[in-house]
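Report on the following structure.
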């Protein structure tokens, strides 16, 4: 069954959008795979390239964002993936605004959970609240060759997956407690204990060293990035996107033309990082459709990770994509409508995996 996608037509672009990303108008149409619906206005944004690109091109690029200014010492090092509680009674989180990529996937009862990924394991901030593993998250982390950080796991399929992959991991309930995982005393005054566990990023490098984890990686960058300084988009205008994971949990993104980023809301309220007092914002949004079903125990979820359809949203536009994960050790790869690997703007990314049956609004 296919998801219900609503396209909200826009008659014109905001003036601010025109000033931040130069536009060229066309007359083709874009068709979305889940509905028989087209839009007759297609907008393509030309690249905005700095006058002098040499300083940028000579800089080291972040492998997860494609942005310049990455630490030379972090080149060729493994990323870190951290499980983050996303249930409303645990909000706000902290440390997530610094993540290079944020995944959002359902876990149970309509609730979603985040996996925040940081390219430089020596620069991870303190992250709260850290929560337990569900089996599909370490498979995604494994494909990125990331060190996986969590606090507990279900003792069935998740534990079986962790053991089978032999993934390097730090568990707040076992090998990480009081090494790099602690309880936030201030949060303990207001929150239940399960919402107070945090990863102390400053202690993470020494913990990784003490555990003897491999720190080098030969993984390629997360995406086929465009050059830093470019902001390119193609397809239908898209200033808002809403992923309805359930009736109680939905993620809304609103385009900020001045920064060419999308501001995130969590179920109708700004999604904030309490330590930086900033709202989450992303250059790139990936909506990846797949099969998501409740397991026979009617508690945990099954999430298909082999591939599916979806949308790439960036620079005020949306285009149809497909995605594939060839095997557990392979990364997620996204493709354009022609089957070529998708060029992606440099910047932070949000990746939401959502069932074909769930509503998605684009406009």
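The values are calculated or read from the model by the stated rules, or taken from the named source; none is laboratory data. Note that the structure is a prediction, hence the values are computed from the model and not measured. Note that each Cβ is placed from the backbone with ideal geometry, even for glycine, and that neighbours are counted across all protein chains shown.
With respect to (1) surrounded by fewer than 21 Cβ atoms within 10 Å (Cβ to Cβ); (2) in contact with a strand residue (DSSP E or B) (Cβ under 6 Å, 6 or more places away or on another chain); (3) farther than 23 Å from residue 107 by Cα, the lone exception for residue 223 is condition (1). For segment 87-95, does any single residue satisfy the condition of being surrounded by 24 or more Cβ atoms within 10 Å (Cβ to Cβ), in contact with a helix residue (DSSP H, G or I) (Cβ under 8 Å, 6 or more places away or on another chain) and under 21 Å from residue 331 (Cβ atoms)? Scanning segment 87-95 turns up no residue that is surrounded by 24 or more Cβ atoms within 10 Å (Cβ to Cβ), in contact with a helix residue (DSSP H, G or I) (Cβ under 8 Å, 6 or more places away or on another chain) and under 21 Å from residue 331 (Cβ atoms). On the stretch given as segment 314-329, residues that are buried (at least 20 other Cβ atoms within 10 Å of the Cβ) and farther than 23 Å from residue 236 by Cα total 1.
Can you spot a residue in segment 215-238 that is without any contact (Cβ under 8 Å) to a residue 60 or more places away in the chain, out of contact with any helix residue (DSSP H, G or I) (no Cβ under 7 Å at 6 or more places or on another chain) and either under 25 Å from residue 303 (Cβ atoms) or not in a strand (DSSP E or B) (or both)? The answer is no, given that none of the residues of segment 215-238 is without any contact (Cβ under 8 Å) to a residue 60 or more places away in the chain, out of contact with any helix residue (DSSP H, G or I) (no Cβ under 7 Å at 6 or more places or on another chain) and either under 25 Å from residue 303 (Cβ atoms) or not in a strand (DSSP E or B) (or both). Test residue 284 against the stated conditions and say whether it is free of Cβ contacts under 8 Å to residues at least 24 places away in the same chain and within 26 Å of residue 127 (Cα to Cα). Against the criterion (free of Cβ contacts under 8 Å to residues at least 24 places away in the same chain and within 26 Å of residue 127 (Cα to Cα)), residue 284 does not qualify. So which of 148, 198 ends up being farther than 23 Å from residue 65 by Cβ, touching a residue at least 60 places away in the same chain (Cβ under 8 Å), under 22 Å from the mean Cα position of the chain (by Cα) and assigned to a strand (DSSP E or B)? Checking each option against the conditions leaves just 198. Residue 131 falls short on exactly one of the conditions (1) surrounded by fewer than 23 Cβ atoms within 10 Å (Cβ to Cβ); (2) closer than 21 Å to residue 181 by Cβ, and that condition is (1). Considering the conditions (1) more than 21 Å from the chain's Cα centre (by Cα); (2) part of a helix (DSSP H, G or I); (3) surrounded by 22 or more Cβ atoms within 10 Å (Cβ to Cβ), residue 141 is excluded by exactly one of them, (1). Considering (1) closer than 28 Å to residue 108 by Cβ; (2) without any contact (Cβ under 8 Å) to a residue 40 or more places away in the chain; (3) assigned to a loop (DSSP other than H, G, I, E, B); (4) in contact with a helix residue (DSSP H, G or I) (Cβ under 8 Å, 6 or more places away or on another chain), the lone condition that residue 191 does not fulfil carries the number (2).
Among the candidates 113, 78, which residue alone is touching a strand residue (DSSP E or B) at 6+ places or on another chain (Cβ under 6 Å), within 30 Å of residue 227 (Cα to Cα), crowded, with 20+ Cβ neighbours inside 10 Å and modelled with pLDDT of 95 or more? Lay out the reasoning, then the answer.
Details: 113 fails: within 30 Å of residue 227 (Cα to Cα).
Just one listed residue meets the conditions, 78.
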